[in-house]
Amino acid sequence: MSAVRALPITATLLTGTVALYITLVAFGNITDFGTNQQFVQHVLAMDTTFKDEDLMWRAVESEALQNTAYVAIIVWETVAALVLILGTVQWVRRDHVRARRTSTAGLLMLMLLFGAGFLAIGGEWFAMWQSEDWNGLDAAMRVFLLSGVVLIVIHLPGVDRGPAGGEGG
């Protein structure tokens, strides 16, 4: 099998892997709401950072706002999971044009959540990097990089070609 003919299979498997991962993350956050709720609360409250006076004005101590942020994260993860599941199904059906478009949307959703949300806002604005107990930067970077690699793969030339070398979808 040539590399070009293997690309749609690769795109399918990688999109499916990320779909499975974020589905399990969302499921875990829904079924074990309290564990990561504590994480979000501590990050937003900045109560395990160095408590520098110049930064602490950023802290969000309202439990209602903390919970709203957490529910928004879960909703975003769930929608991203559904989009990536749809993208995987489209790859399987060899509807490569739609699959690429749908997968791109789902992967960008994850990159925004874990890049802008966790790395930038959580890590820098709320100084999550200062916390030994509530620091999710490594996990966020893994998801961000995984999503980016899959995004690159699904946009390689030849991914939109079917197994016989013709246009898919």
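Taking every residue in the range 4-18 that is polar (S, T, N, Q) and pairing it with any residue that is open to solvent by 70 Å² or more (accessible area, probe 1.4 Å), at least 6 positions away or on another chain, the pairs with Cβ-Cβ distances below 7 Å are T12/V92. With the requirement that a residue be touching a residue at least 24 places away in the same chain (Cβ under 8 Å), part of a loop (DSSP other than H, G, I, E, B) and open to solvent by 40 Å² or more (accessible area, probe 1.4 Å), what does the range 115-156 give you? The answer is E132, D133, W134, H155, L156. Against the test of being β-branched (V, I, T) and not in a helix (DSSP H, G or I), the options V60, V89 yield a single qualifying residue, V60.
Being among the β-branched types (V, I, T) and open to solvent by 40 Å² or more (accessible area, probe 1.4 Å): is that true of V18 here? Answer is no for this residue. I need the full set of residues from the range 38-71 which are touching a residue at least 24 places away in the same chain (Cβ under 8 Å) and open to solvent by less than 30 Å² (accessible area, probe 1.4 Å), in order please. Selection gives V40, V43, L44, M46, T49, A59, Q66, Y70.
The values are calculated or read from the model by the stated rules, or taken from the named source; none is laboratory data. What you see is a predicted model, and the numbers here were worked out from it, not measured in a lab. Positions of Cβ are backbone-derived with ideal geometry, glycine not excepted, and every protein chain shown enters the neighbour counts. Surface accessibility is based on the protein's heavy atoms, side chains included, excluding ligands, DNA and RNA. Shrake-Rupley method; radii C 1.70, N 1.55, O 1.52, S 1.80 Å.
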